[in-house]
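Single-structure report; data block below.
The values are calculated or read from the model by the stated rules, or taken from the named source; none is laboratory data. Keep in mind it's a predicted model, so treat the numbers as computed, not measured. For neighbour counting, all protein chains shown are included, and Cβ atoms are generated from backbone atoms with ideal geometry for every residue, glycine included. Only protein heavy atoms, including side chains, enter the accessible area calculation; ligands, DNA and RNA are left aside. Shrake-Rupley method; radii C 1.70, N 1.55, O 1.52, S 1.80 Å.
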There are 2 protein chains.
Amino acid sequence: MATTKRFLVAIIGVGGVGKCFLQQLHALATRRSSPKLDLVYISTSKKSIYNKDYSPIEIEGVAEVLARSSQAPPPTDELVDYLAAAPAPVVLVDNTSSQDIADSYPLFLSRGVNIITPNKKAFSGSYALWDAIFSAAETSGAKVFHESSVGAGLPVISTLKDLIETGDKVNRIEGVFSGTMSFLFNSFAPTEGSGGKWSDEVRRAKELGYTEPDPRDDLNGLDVARKLTILARLAGLPVASPTSFPVQSLIPKELESCASGEEFLDKLPQFDKQMEQTKNEAEAEGKVVRFVGSIDIPSKTVKVGLEKFDRGHPIASLKGSDNIISFYTDRYGSNPLIVQGAGAGGEVTAMGVTSDLLKTIV
Amino acid sequence: MATTKRFLVAIIGVGGVGKCFLQQLHALATRRSSPKLDLVYISTSKKSIYNKDYSPIEIEGVAEVLARSSQAPPPTDELVDYLAAAPAPVVLVDNTSSQDIADSYPLFLSRGVNIITPNKKAFSGSYALWDAIFSAAETSGAKVFHESSVGAGLPVISTLKDLIETGDKVNRIEGVFSGTMSFLFNSFAPTEGSGGKWSDEVRRAKELGYTEPDPRDDLNGLDVARKLTILARLAGLPVASPTSFPVQSLIPKELESCASGEEFLDKLPQFDKQMEQTKNEAEAEGKVVRFVGSIDIPSKTVKVGLEKFDRGHPIASLKGSDNIISFYTDRYGSNPLIVQGAGAGGEVTAMGVTSDLLKTIV
């Protein structure tokens, strides 16, 4: 195209994903001449930088400048007004996991501000919020993309959307949706060899940084349930919430009330027998146990928990902390369309955000 | 958006993929109100339908109407003029595998006509044509999408582009790119059991419709070489042609001159010993043999041929006629991003074309 257009970017959140995104945005803005990508707003929960006249903020080093800023972020209403009145199209990139910010998406979208985010909260909370978000987008024409809310940078949501929008019938979605659970079970019940004790593997995963600070935040299955909620809704099932279907928690009842993750890890060995038994039952059938989520669309069944798989099954032979997502559809028949790879980490999560940005600015 | 826009579709080719695409287009045009998708041109090599005033052609049943048409297709120059003068944006969907039509893409693109196609010829022929296509698109702003030229509807090209455009460094691409080769080797050298004789498997694959009418058109490796050429060029290697790198043909030298595919199949058993030996060598190492293509970007090496894989490797445990494509990148580290599933067939190939259409009309 002959004329150079501007496309304005506003960012909330400068944590792990946010910092990686800033690097990718800087590289993209340097490389792309049309549209010209201008950063016009950036904030954390405490600080912000923006110019009333929408003059661009230097992207390189902005996280450090922001840390020294003395300007508090404006109230949401004021931010919406500022972005909606911008002299060029705007995208708000939410790199937080804040429910409050997620709750404000309908407001931004209704005023024509596009939204991109890896934040699962907006799409896996109440169905009313989901509905409000997509109704607002539909009405105003603003776009909302959230590829990284499932499988980080893996092409999961875009693939599901393509299947549906081109008229395929998606019958079943199944996979390993948690890097933590993947790592734990690939070590605890490997396809070759015998693996370690369950409590040892959980402690090791935590020490290697594969779990949340309190491993129970992974073992309760809620993270997987949130991702399943998002995919099920995209596939047309009006799932009410991530707690409205069966989710198997791997936290022994007796340890739910532990005061800390450390106390939990100390007491977990007392419950190894149960997991060992589950592993042995699978082995007796020549199988391995894995923590999977599945959506069966015709029967409207969503569930999350332990299942057994043949050693040759792609879900069984997963490596490291990889995710795998299988789409069973009418067109693809008995062999599913499979997407596999790292489903967590700052770089790959930011990649999903940046690829959404590329789709927004076309 | 408030106003309803038109987006005009012109189609060349009404074969297997073309017929499936027409069904998908009909469903999409019925469902989508904005932009309004209007078919304004359709042709085979012998017949055409179009109205000088760009009034829409009924999509449902158009293949049958076209078969009865007495109007020859216009010369390319006239078609370009017709489409370039249209009152709304136009996309030309080339559902043929014609080199002549591929050669005309730069002309269409330079006049602002978008192009979508599963036709490998345009992107895997001379580098001069590749260059002319993307230069014309760059200058005019017209889009050119060809997802289905590799792996049919699997998200292969879009994933590679996303990796590159978001700034990842792609180091290696490896996979099984031919449904025929996949089926042959999954049967000939299965991960469990011993498989059949090579010549029997080739005959069976032909009888089941998995090969071209003359199986040598699959066994020469050129189809895989074309796909590798496309991916290598997208990854930045200026590969001159699909014959400019090592491609292992599975046609014994002595049978290259057979007059027919039938004669070839009759004589193939005389050469089973060689393939049996290759299989046994792999088995002695606990491996299986597969026909793969690989691109190593730092060393600028592209090659196609037989390689050995551990039985637990995703390439070894592929099923049926599935394709698998692994992207090794800086961000994804030692475990690649993998896309897997059916890589041939009318429905899934048309799906890739339709998803490109969705990207074009945004």
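Sub-6 Å Cβ pairs linking a first residue in the range B:120-133 that is under 15 Å from B:ILE101 (Cβ atoms) to a second residue that is open to solvent by 50 Å² or more (accessible area, probe 1.4 Å), at least 6 apart or interchain, are B:LYS121/B:GLN99, ordered by first then second residue. Taking (1) surrounded by 20 or more Cβ atoms within 10 Å (Cβ to Cβ); (2) of a type in the set (S, T, N, Q); (3) within 11 Å of chain A (Cβ to nearest Cβ) in turn, B:SER149 satisfies each apart from (3).
The criterion of at least 2 residues that are under 22 Å from the mean Cα position of the chain (by Cα), buried (at least 16 other Cβ atoms within 10 Å of the Cβ) and within 14 Å of chain B (Cβ to nearest Cβ) is met, among strands (runs of 3 or more DSSP E) falling completely within the range A:281-335, by A:322-329. Every listed requirement among (1) open to solvent by 40 Å² or more (accessible area, probe 1.4 Å); (2) touching a residue at least 60 places away in the same chain (Cβ under 8 Å) is met by A:GLY343 save one, (1).
Would you call A:GLY151 under 29 Å from B:GLU165 (Cα atoms), part of a loop (DSSP other than H, G, I, E, B) and modelled with pLDDT of 95 or more? Criteria met by A:GLY151. Of the residues making up the range A:10-31, those that are in contact (Cβ under 8 Å) with a residue 60 or more places away in the chain and not hydrophobic (A, V, I, L, M, F, W, C) are A:GLY13, A:GLY15, A:GLY16, A:GLY18, A:LYS19, A:GLN23, A:GLN24.
Of everything in the range A:127-148 that's part of a helix (DSSP H, G or I) and under 15 Å from the mean Cα position of the chain (by Cα), which residue is nearest to B:PRO155 (Cα to Cα)? It would help to see each step written out before you state the result.
Going residue by residue through the range A:127-148, those that are part of a helix (DSSP H, G or I) are A:127-140, A:147-148.
Add one more test, that the residue is under 15 Å from the mean Cα position of the chain (by Cα), and what stays is A:147-148.
On the way: A:GLU147: 14, A:SER148: 16 Å.
Here the answer is A:GLU147.
Checked against (1) in contact (Cβ under 8 Å) with a residue 60 or more places away in the chain; (2) surrounded by fewer than 17 Cβ atoms within 10 Å (Cβ to Cβ), B:LEU37 passes all but condition (2).
The residues in the range A:25-78 that are of a type in the set (Gly, Ala, Ser) and over 14 Å from A:GLY13 (Cα atoms) can be counted, and the count is 8.
Kindly evaluate A:LEU28 against the criterion of being surrounded by fewer than 21 Cβ atoms within 10 Å (Cβ to Cβ), assigned to a helix (DSSP H, G or I) and either within 21 Å of the chain's Cα centre (by Cα) or within 14 Å of another protein chain (Cβ to nearest Cβ) (or both).
Values: surrounded by fewer than 21 Cβ atoms within 10 Å (Cβ to Cβ): yes; assigned to a helix (DSSP H, G or I): yes; either within 21 Å of the chain's Cα centre (by Cα) or within 14 Å of another protein chain (Cβ to nearest Cβ) (or both): yes.
Yes: the conditions hold for A:LEU28.
If you go through the range A:36-60 and keep only what is part of a loop (DSSP other than H, G, I, E, B) and of a type outside the set (D, E, K, R), you end up with A:THR44, A:SER45, A:ASN51, A:TYR54, A:SER55, A:PRO56, A:ILE57, A:ILE59. The number of residues in the range B:154-189 being touching a helix residue (DSSP H, G or I) at 6+ places or on another chain (Cβ under 8 Å), part of a helix (DSSP H, G or I) and either of a type outside the set (Asp, Glu) or within 30 Å of B:ASP200 (Cβ to Cβ) (or both) comes to 12.
Taken over the range B:341-362, residues that are out of contact with any Leu (no Cβ under 7 Å at 6 or more places or on another chain), within 7 Å of chain A (Cβ to nearest Cβ) and under 26 Å from A:SER334 (Cβ atoms) amount to 5. Among the candidates B:PHE177, B:PHE183, the residue that is under 20 Å from B:LEU306 (Cβ atoms), out of contact with any Phe, Trp or Tyr (no Cβ under 8 Å at 6 or more places or on another chain), open to solvent by less than 60 Å² (accessible area, probe 1.4 Å) and assigned by the TED database to the domain that holds B:LEU337 is uniquely B:PHE177. Restricting A:ILE297, A:ILE315, A:ILE361 to residues that are within 23 Å of B:LYS161 (Cβ to Cβ) and among the hydrophobic types (A, V, I, L, M, F, W, C) narrows the list to A:ILE361. Considering each residue of the range B:204-211 in turn, at least one proves to be open to solvent by 40 Å² or more (accessible area, probe 1.4 Å), in contact with a helix residue (DSSP H, G or I) (Cβ under 7 Å, 6 or more places away or on another chain) and assigned to a loop (DSSP other than H, G, I, E, B).
Test A:THR96 against the stated conditions and say whether it is touching a Leu at 6+ places or on another chain (Cβ under 9 Å) and not hydrophobic (A, V, I, L, M, F, W, C). So A:THR96 does not fit the description; no.
Pairs meeting the criteria (first residue in the range B:210-224 and touching a residue at least 12 places away in the same chain (Cβ under 8 Å), second residue aromatic (Phe, Trp, Tyr) and part of a loop (DSSP other than H, G, I, E, B), beta carbons under 8 Å, at least 6 apart or on different chains) are B:ASP223/B:PHE177; B:VAL224/B:PHE177.
Restricting attention to the range B:159-176, the residues that are in contact (Cβ under 8 Å) with a residue 40 or more places away in the chain and facing another protein chain (nearest Cβ under 9 Å) total 4.
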